[in-house]
Amino acid sequence: MTTSRRPREEERIWAERIARRMGVDCQPRENRSLIRMMEETAAEAVVVVGSDGAHWEDREGNTFRFHPNLAALRVKELAAGGADALVTAAGFQPGDRVLDCTLGLGADAIVAAHVTGEAGEVVGLESQPVIAALVDYGLRHYPAASPRLVQAMQGVRVVCADYREYLRRMGDDSFDVVLFDPMFRQTVTRSSALQALKMLANPEPLDPESVREALRVARKRVVLKERLMSGEFERLGFRVVKEASNYAFGILEP
C-alpha cells in the first residue's frame, strides 16, 4: 500500500486507512517506481492512492479500480421513467432493505440504492479485501457529475465478508431482497473492468446451503443473476423471470 509520489495529506490518510482495512503495510513512496517498490518488498501487487483515485496494480501492469460503469446509465434511465431488468426481477420498492451478497464493482448495489432511496438500506458484501477496500473508496470519492448517482453510490454500505458466514449470522427476515451475482465463468471479453475484476474476485460457485440461508433472511425474494445456459438456475432451483442480453435473472420466494 502506498501513495502517489507527492501525496496530499488526505491521500496519505486514506492510504493508511485502506492498508489497515486490508491488513497490509503502508509504505511511503519516496519517489520510487511501483515496480521497484514491489521488488524491494517481494510484493506481487500494490495498491496506490493518488489524485486520480485508488487502484491496484500487479507486476505485469494489470490494474483494477472502481468505476460505476453501466450503473450510471441505468440510474439515469430509471430516473427518466425507464425500466431495469434487475429492478423488475427483484421488485425493489422505496424503503426496502437489500443485501447484495456479491458486490464486485457495485453496479447492482448502486441501482438498488437509487430505487430504495434514503428510507431504504443497501449492504454490499465482498469477500476479497482488495475489492472491498477499493470499491468502498470509489463509492465515496468517484467524481460523478450526477448528484443522483452520487447519492446512490453513497447509499451503499460495503462490508468485507463471505456471504456464507454473513447469512448464517443474520436473523429471519433481516432483509427484503437478497441478491447473488457470482462471477461468470466466461466474462464478456470486451469489458476491461470485468476482466480486471475477475483476477481478484472469489471464483467459488453459489452453494445450495447459502441459498437456503438467503431464503430465511429474505422477507420478499432471493435473486440470482447468471448466464441463461449455465445450468445454475436449474441446479439451485431458481425460476427464471427475466432475460437480458448476456444473462438472466432467476428468483426464489420464501
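The values are calculated or read from the model by the stated rules, or taken from the named source; none is laboratory data. Small disclaimer: the values here were computed from a predicted structure and weren't measured. As a convention, Cβ positions derive from the backbone with ideal geometry for all residues, glycine included, and neighbour counts pool all protein chains shown. Note: accessible area is taken over every heavy atom of the protein model, side chains too, but ligands, DNA and RNA are not part of it. Shrake-Rupley method; radii C 1.70, N 1.55, O 1.52, S 1.80 Å.
Contact annotation: residue pairs with Cβ atoms under 7 Å, 6 or more positions apart or on different chains, pairing a residue in the stretch 42-53 that is open to solvent by 30 Å² or more (accessible area, probe 1.4 Å) with a partner that is part of a loop (DSSP other than H, G, I, E, B), are Glu44/Arg59; Ser51/Ser4. If the condition is being part of a loop (DSSP other than H, G, I, E, B), open to solvent by 60 Å² or more (accessible area, probe 1.4 Å) and farther than 21 Å from His141 by Cβ, then the stretch 63-86 contributes Ala80, Gly81, Ala83.
Take Glu39 and tell me if it is under 30 Å from Arg219 (Cβ atoms), of a type in the set (Asp, Glu) and free of Cβ contacts under 8 Å to residues at least 12 places away in the same chain. Judged against the criteria, Glu39 is not a match. Within the stretch 124-135, residues that are within 14 Å of Glu165 (Cα to Cα) have Cβ atoms under 6 Å from residues that are aromatic (Phe, Trp, Tyr) and part of a helix (DSSP H, G or I) in these pairs: Leu125/Tyr163; Leu125/Tyr166, counting only partners at least 6 apart in sequence or on another chain. Number of residues in the stretch 1-24 that are assigned to a loop (DSSP other than H, G, I, E, B) and over 24 Å from the mean Cα position of the chain (by Cα) equals 5. Taking the numbered list (1) open to solvent by less than 40 Å² (accessible area, probe 1.4 Å); (2) in a helix (DSSP H, G or I) in turn, Arg164 passes all entries but (1).
Does Ala89 fit the bill of being at pLDDT 95 or above and either under 20 Å from Ala214 (Cβ atoms) or not in a helix (DSSP H, G or I) (or both)?
Values: at pLDDT 95 or above: yes; either under 20 Å from Ala214 (Cβ atoms) or not in a helix (DSSP H, G or I) (or both): yes.
For Ala89, the condition - at pLDDT 95 or above and either under 20 Å from Ala214 (Cβ atoms) or not in a helix (DSSP H, G or I) (or both) - is met.
Within the stretch 208-254, being closer than 20 Å to Leu99 by Cα and among the polar types (S, T, N, Q) holds for one residue alone: Ser210.
Among the conditions (1) over 15 Å from the mean Cα position of the chain (by Cα); (2) in a loop (DSSP other than H, G, I, E, B), Gly104 misses just one, which is (1). Where the second residue is part of a loop (DSSP other than H, G, I, E, B) and of a type in the set (Lys, Arg) and the first is farther than 16 Å from Ala132 by Cβ and open to solvent by less than 100 Å² (accessible area, probe 1.4 Å) and lies in the stretch 1-23, which pairs have Cβ atoms under 7 Å and are six or more apart or on separate chains? Listed pairs, sorted by first residue: Thr2/Arg29; Thr3/Arg29; Ser4/Arg29.
Within the bounds of the stretch 89-104, is there any residue that is farther than 14 Å from Asp181 by Cβ, in contact with a strand residue (DSSP E or B) (Cβ under 9 Å, 6 or more places away or on another chain) and hydroxyl-bearing (Ser, Thr, Tyr)?
Step one: of the stretch 89-104, the residues farther than 14 Å from Asp181 by Cβ are 91-97.
Now drop any that are not in contact with a strand residue (DSSP E or B) (Cβ under 9 Å, 6 or more places away or on another chain), which leaves 91-93, 95-97.
Next cut, hydroxyl-bearing (Ser, Thr, Tyr) only: none.
Within the stretch 89-104, none of the residues are farther than 14 Å from Asp181 by Cβ, in contact with a strand residue (DSSP E or B) (Cβ under 9 Å, 6 or more places away or on another chain) and hydroxyl-bearing (Ser, Thr, Tyr).
Of everything in the stretch 237-252, what is assigned to a loop (DSSP other than H, G, I, E, B) and open to solvent by 20 Å² or more (accessible area, probe 1.4 Å)? Give them in sequence order. Once the filter is applied, which keeps residues that are assigned to a loop (DSSP other than H, G, I, E, B) and open to solvent by 20 Å² or more (accessible area, probe 1.4 Å), the stretch 237-252 yields Gly237, Ala244, Ser245, Asn246, Tyr247.
Restricting attention to the stretch 103-121, the residues that are closer than 13 Å to Val75 by Cβ and open to solvent by less than 40 Å² (accessible area, probe 1.4 Å) total 11.
For (1) open to solvent by 70 Å² or more (accessible area, probe 1.4 Å); (2) modelled with pLDDT of 85 or more; (3) of a type in the set (Asp, Glu), each residue gets a yes or a no:
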{"position": "Thr187", "(1), (2), (3)": "no, no, no"}
{"position": "Arg190", "(1), (2), (3)": "yes, no, no"}
{"position": "Ala193", "(1), (2), (3)": "no, no, no"}
{"position": "Met199", "(1), (2), (3)": "yes, no, no"}
{"position": "Arg219", "(1), (2), (3)": "yes, yes, no"}
{"position": "Val223", "(1), (2), (3)": "no, yes, no"}
{"position": "Glu226", "(1), (2), (3)": "no, yes, yes"}
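Listed conditions (1) within 22 Å of the chain's Cα centre (by Cα); (2) open to solvent by less than 40 Å² (accessible area, probe 1.4 Å) are all met by Met37, apart from (1).
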